[in-house]
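Have a look at the structure below, then the notes.
The values are calculated or read from the model by the stated rules, or taken from the named source; none is laboratory data. Just so we're clear, the structure is a prediction, and the values are computed from it rather than from any experiment. Counting neighbours? That spans all protein chains shown, and the Cβs are built from the backbone with ideal geometry, glycine included. Remember, those area values only see protein heavy atoms, side chains included, never the ligands or the DNA or RNA. Shrake-Rupley method; radii C 1.70, N 1.55, O 1.52, S 1.80 Å.
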Amino acid sequence: MNYVHPPVLVVGAGPVGLIAALTLLQNGIPVRIIEKDHHPRIGQRGAGTWPRSLEVYNFLGVSEVNSLGKSAPPGRWYKPGTLEPLKDSLLVPHLEPTPAIPFHAPKLMGQQLLDVILRRHLEKFSCSVEMGTELRSFEQCDEGVTAILAKNGISETFDTKWIIGADGAKSIVRKQLGLTFLGESRDDIQIVTGDIRLTGVGLDRVLRAEELVFETIASLTLTEITFNKVVWMGNFRTNIRMVNKFSEGRVFVAGDAAHVHSPMGGQGLNSGVQDAFNLGWKLALVQKGLADKSLLETYSAERLPVISEMLEMTTSILDKATASGKLSAVQSPILYMLGINCRFSTVVLDEFVTSVERKPINAYGVLDEGHLEAGDRAPDASNMLQVGGAEPDTMTLFGLYRPWYHTMLVFAPSLADATLILGALEAYDKSVVRSAVILPSPASVTPVASPDLVLFDREGYAYSAYLVEAGQTKVFVIRPDGVIGAIVHGAEGVKKYFSNIFLDA
Ligand SMILES: Cc1cc2nc3c(=O)[nH]c(=O)nc-3n(C[C@H](O)[C@H](O)[C@H](O)COP(=O)(O)OP(=O)(O)OC[C@H]3O[C@@H](n4cnc5c(N)ncnc54)[C@H](O)[C@@H]3O)c2cc1C
């Protein structure tokens, strides 16, 4: 059953639209999601899922991407003109797992399967994609948006509060908003991609790869091969473009609707998913009347610098590949997207870094485990022992973070030290703010104001990842998108942070 008057219309049921819808539903916001195609799309397209996106899927409870996704296979290089192997090497950079980075290896999952998995998650909220339903146009005013939809030749007028345009590279939402889409088209580069199943004598795994393509594969593979099936094939024209802003009034764009670029580096879908995740919790708070509309401006402000750097990086990979004529593996851990940050955002607060110390914006960032600021990705920590529960229970910090609430982590030497800070939290709506005290040693004292959880960091992983000394009191507010919203000394800092998020805070 879909809702009768959902306040959000999501246009496009590619991965980005599906993630936007799921994030909102988990936040308790009903959505209507439409897709102009009559049937789910076939073809795997963007398969590379990088660790930061795996974290996003984890927060959303979509564990299948990590559990069913395949590890990247090693690449094998042959002596030219022979089947004699020269070397095997990794196609992706190697990163050792740590308690702070549990998803340390990229996974491969084609978009066709990802879409199926995400649609199943929507169904848990009684929300299904309305296939064969196209957005034709819309008009917005201060109170809402009126969309004109078309289904089986029948026109429908639909009133809603917000529209998220996740309608791909040719986005009608972007065009109608009049957003610029500046950049370049590389007509000299044509990339043909597809899912082709073939078998060949002496080839030890089934390869998934127009006449020229078959001839090229056959000429490069020095063994007899049989083309079994062409599942999907497309001619990819390289466009490198992005919007000047991600929203106008009550209408937003996300994913390919907002940015297109070379598939080199496999950042496209991942970036789109992260756009949707950044927007979802903010839109939910505004729709619930808990936050002011101005919070939505930070969606554009936080994503523009990230996407701009992403375009630069993927274009540089493309240029190197075309100049050398080789498709070599890119070994930069920056592709993992774990360094992406919004330290520059107006709604993050860091009392431990003065503005003088702040460096120029490097939104794509680098992964530096020795430095942590508000606006960075919140690290994980494992083996945390729950104190005071009926049964001793171990948990991870990632197990606490969810897309529908902020999590306040109070690192304190004792519960007594944390009590004053927790008292400041009592005014906040428990459905959107939760708290945990992280102690460096086990405790038995009952606090005056009780946190949702008391955790003993028995291996010291949390203190190490969050760079806190054992005797120090330090408070981290983790946003619903797994980003550190604030690093502050105590209650005043928490209140100051939330005054930029919540109305009446
Ligand atoms: C060969 C190739 C390899 C790639 N590899 C990677 C990779 O490894 N990793 C990675 O991150 N990215 C990769 N990408 C990029 C990735 O495929 C795209 O970024 C991703 O599909 C974008 O998702 P989206 O949901 O924004 O848009 P889309 O997937 O394009 O979905 C948009 C949907 O909106 C629908 N729609 C459009 N207009 C309307 C309308 N008016 N009304 C209703 N519905 C509408 C469309 O039918 C479509 O289903 C690759 C791309 C290619 C081509």
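Worth a mention:
- Convex hull volume of the Cα atoms of the chain, normalised per residue: 168 Å³.
- Within region 349-499: Cβ-based charge dipole about Cα centre, in debye rounded to nearest 20 (Lys, Arg +1; Asp, Glu -1): 320
- Rolling a 1.4 Å probe across the protein heavy atoms gives region 349-499 an accessible surface of 42 Å² per residue.
- Each other residue within a Cβ distance under 14 Å of residue 125 adds +1 if Lys or Arg and -1 if Asp or Glu, for a net charge of +3.
- Spread of Cα-to-Cα distances over 10 Å intervals beginning at zero, given as percent, for region 349-499: 11, 44, 36, 8, 1
- Extension gain from residue 369 to residue 503, taking 0.36 nm per residue of separation minus the Cα-Cα distance: 44.8 nm
- For the pair residue 294 and residue 427, label points projected 7 Å from Cα toward Cβ lie 1.8 nm apart.
- Estimated FRET transfer efficiency (residue 141, residue 188; beta-carbon r; R0 41 Å; 0.05): 0.35
- Local electrostatic count, residue 478, Cβ distance below 14 Å [Lys/Arg +1, Asp/Glu -1]: -2
- Environment charge at residue 463 (Cβ cut-off 15 Å; Lys +1, Arg +1, Asp -1, Glu -1): -4
- Summing Cβ point charges (Lys, Arg +1; Asp, Glu -1) relative to the Cα centre of region 10-134 gives a dipole of roughly 200 debye.
- Structure-based [θ]222 nm, the chain - -39500 (n - 2.57) summed over DSSP H runs of at least 4, per residue, nearest 500: -7500 deg cm²/dmol
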